[in-house]
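The values are calculated or read from the model by the stated rules, or taken from the named source; none is laboratory data. What you see is a predicted model; the values in this text were computed from it and never measured. Reconstructed Cβ throughout: ideal geometry from the backbone, glycine too, with neighbour counts over all protein chains shown. Heavy atoms of the whole protein, side chains included, go into the accessibility calculation; ligands, DNA and RNA do not. Shrake-Rupley method; radii C 1.70, N 1.55, O 1.52, S 1.80 Å.
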Amino acid sequence: MLIYLGCSAVFAFAMAIGLAWAGAPPAAVAHAAFALGAMPLIFAAMGHFVPVLTRSGGAEARIHRLPLVMQLAGAAVVGVLAGVLPGAVLHGAVTVGLAAAGIFLAWLLNRGRATLGKPHPGLAWYGAALGCLILALLAILVGLLWPAGYGMLRLAHLHLNTLGFIGLTAIGTLHVLMPTVLGQPDPQVANRLRRQLPWALAGVGLTALAGGLPWLTPVGVVLIGGVVGQTLAGWLRTYGWTRLRGDGAALSLLGAGFGLLVVIVAGGVHGLGGMAGRLAVVGFFALFLLPLVTGALSQLLPVWRFPGPATPARAAMRRRLVRFGGLRTGFFLAGGALLFGGITAGVALLAAGVLLFAGVLIHSLVARP
């Protein structure tokens, strides 16, 4: 399941780039990347990490099925926005997503309460991220039923999904994943996670409200941007630039963090003047989501395929996946920068980066251990 969802996320990203190149509606392109690709993968990754953070057994079968439910709902949303399915399907898809997110959040909270001792602070980030997703889906559902408030609620949906659900999940996971990637513990991780969550949540909340109260944007940007900047500074302080750039997965994750900071700062600069929603989504996808997912999968797919103690087969698969990590991260960041500047040729660089990762992914799956 985890390997399938990792591969399907890469396919969904390629689909989104292809739809953008073909001139599909921007909303369909964005939901192909987020609802069809990123969201099911995030649910699956949470299902993998929550038992680790709570020192409990593996997730139940019903929890493992939720990412597939989210993927089907995402496919329905893309179909509606692309004009293939009737608009009434959208309400049902959002409702299904709400139910799945609620079930997952209830399971996470139960696991946290049943933990012997205190759960890892990363669990609170996952809970907060799921809360943001539920609010995002409620906002768009209310917007569909209340056209007069749709514009403001759509912006809240956008920020709660990107900075809230995806952003909080990513930051919480990266604190744990980067030390694993580099094989060097970071003793400050737990303290950073505890300190940063209230500020990150406040930043997400303020940016979500900025659709109706634009003057909140700079405050929200300072809060969430400060969390990302502090995380990047902590990595550089702990591991050093030479160590970070020497591993393809670590460099991808570092690039994702830098890209997210750029998107947040750009949103703050343009916030009061109304940064185009399409530009913000493009930047988030190109500068953050693409390097984040390819870097995380480079580390996680070998573990998912060869669970248990480390083996030569796992190490060989990881070596194949991290190959060209710096090059594809460069493609993503350069392509995102071009698109931010209004140069559509940046799409070609994003496509090159995704195809490069797809190539090493296929090779790592079919190659003999």
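Heavy-atom accessible surface of residue 364, to the nearest 10 Å², is about 0 Å², with a 1.4 Å probe and all protein chains retained. For the charge dipole of the chain, defined by +1 on Lys and Arg C-beta atoms and -1 on Asp and Glu C-beta atoms about the Cα centroid, which residue among 327, 303, 100 has the Cα displaced farthest towards the positive pole? Value: 303. Candidates 67, 143, 120 compared by Cα position along the dipole of region 53-155: farthest toward the positive end lies 120, with charges placed on Cβ. Taking the empirical scaling 2.2 N^0.38 Å for compact globular proteins as reference, region 215-369 has a Cα radius of gyration ratio of 1.14.
Legend: Rg and Dmax of region 77-192, from Cα coordinates, 17.5, 52 Å.
Go ahead and estimate [θ] at 222 nm for the chain from helices alone: -39,500 (n - 2.57) per DSSP H run with n ≥ 4, summed, over the residue count, rounded to 500. Dividing the helical sum by the residues of the chain leaves -25500 deg cm²/dmol.
With all pairs of different C-alpha atoms in the average, the Kirkwood value for the hydrodynamic radius of the chain is 20.5 Å. Convex hull of alpha carbon positions in region 187-255: directionally averaged projected area 5.2 nm².
Looking at the P(r) of region 45-133, how many percent of alpha-carbon pairs lie beyond 17 Å? For region 45-133, the share of Cα pairs beyond 17 Å comes to 52 percent.
The distance between label points at residue 145 and residue 344 comes to 3.9 nm (points 7 Å beyond Cα on the Cα→Cβ vector).
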